[in-house]
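**Q** Can you keep this structure in mind? I'll have questions shortly.
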Amino acid sequence: MKTIARISAIAMLTAPVQAERLVIEPGSSWARGGYVRDYVQMRDRVEAVEIRGRCLSACNVFLSHANVCLSRKARLGFHALKYKGEMASPAIQRDFANYLGNPALGQWFVNGPAHDTKRIVVLRGGVMIDTFGFPECNKD
């Protein structure tokens with residue numbers, strides 16, 4: 001009986017879950033960054049993403065969701081990638097740029113101030129909307 005319960009628990013944890021909407025807002029655990037693979041997995045499990053607050057580092061993977069929107073007040077933070085504790089190679093930086101879901105933003109990331117620094121370069125949601133064409137979230 002314990003084996004069946006254990007198998008059921010494992011199946012529930014690994015089964016694809018389709019959440020309706022992920023909202024990144026102040027205090028959201030997804031806002032602070034982490035491992036890119038975790039963000040890619042979550043991005044693929046939700047139907048829509050709203051970025052309304054701070055979204056740092058790997059959180060920016062959510063920009064590549066087909067149904068993403070940004071608040072003008074959102075703050076998106078970019079920095080050079082680290083791989084195994086060291087600055088990632090230019091090739092890895094370019095690969096990450098593809099996860100941003102917007103060719104112009106990817107070029108900004110690869111050629112701009114964020115690609116070679118450990119400090120966070122912040123772009124406001126209004127800049128992302130006006131400069132890179134990301135959709136604006138409905139005002140609630």
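**Q** Only Cα pairs within less than 10 Å get springs; with that Gaussian network setup on the chain, which residue of ILE51, ILE92, ILE24 has the largest fluctuation?
**A** Comparing ILE51, ILE92, ILE24 in the GNM, the peak value goes to ILE92.
**Q** How high is the relative contact order of segment 70-123, given as a whole-number percent (alpha carbon pairs under 8 Å, six or more residues apart)?
**A** Value for segment 70-123: 48 percent.
**Q** Would you look at the GNM of the chain, springs on alpha carbons closer than 10 Å, and say which of GLU20, GLU50, GLU86 moves the most?
**A** Evaluated over the chain, the most mobile residue of the options is GLU86.
**Q** May I ask you to list the aspartates and glutamates whose Cα is less than 12 Å away from that of LYS139, ignoring any residue fewer than eight positions away on the same chain?
**A** GLU50
**Q** For the chain, compute Rh as the Kirkwood radius over C-alpha pairs and then the Stokes-Einstein diffusion coefficient at 25 °C and 0.890 mPa s; write the answer in µm²/s, rounded to an integer.
**A** After rounding, the answer is 154 µm²/s.
**Q** I've got another one for you. With charges set only on the Cβ (+1 for Lys and Arg, -1 for Asp and Glu), what does the dipole of segment 24-132 come to about its Cα centre, in debye to the nearest 20?
**A** Charge dipole of segment 24-132: 340 debye, to the nearest 20.
**Q** When the chain is treated as a GNM, springs tying every alpha-carbon pair under 10 Å, which of GLY77, GLY112, GLY53 comes out with the largest mean-square fluctuation?
**A** Fluctuation is largest for GLY112.
**Q** Using 0.36 nm per residue of separation minus the Cα-Cα distance, give me the extension gain between THR131 and ARG94 in nm, one decimal.
**A** Full extension of this stretch gives 11.3 nm more.
Quick note: the coordinates plus some simple rules give every number you see, no bench work behind them. Source: prediction; values computed, not measured. We place every Cβ from the backbone using ideal geometry, glycine too, and count neighbours over all the protein chains shown.
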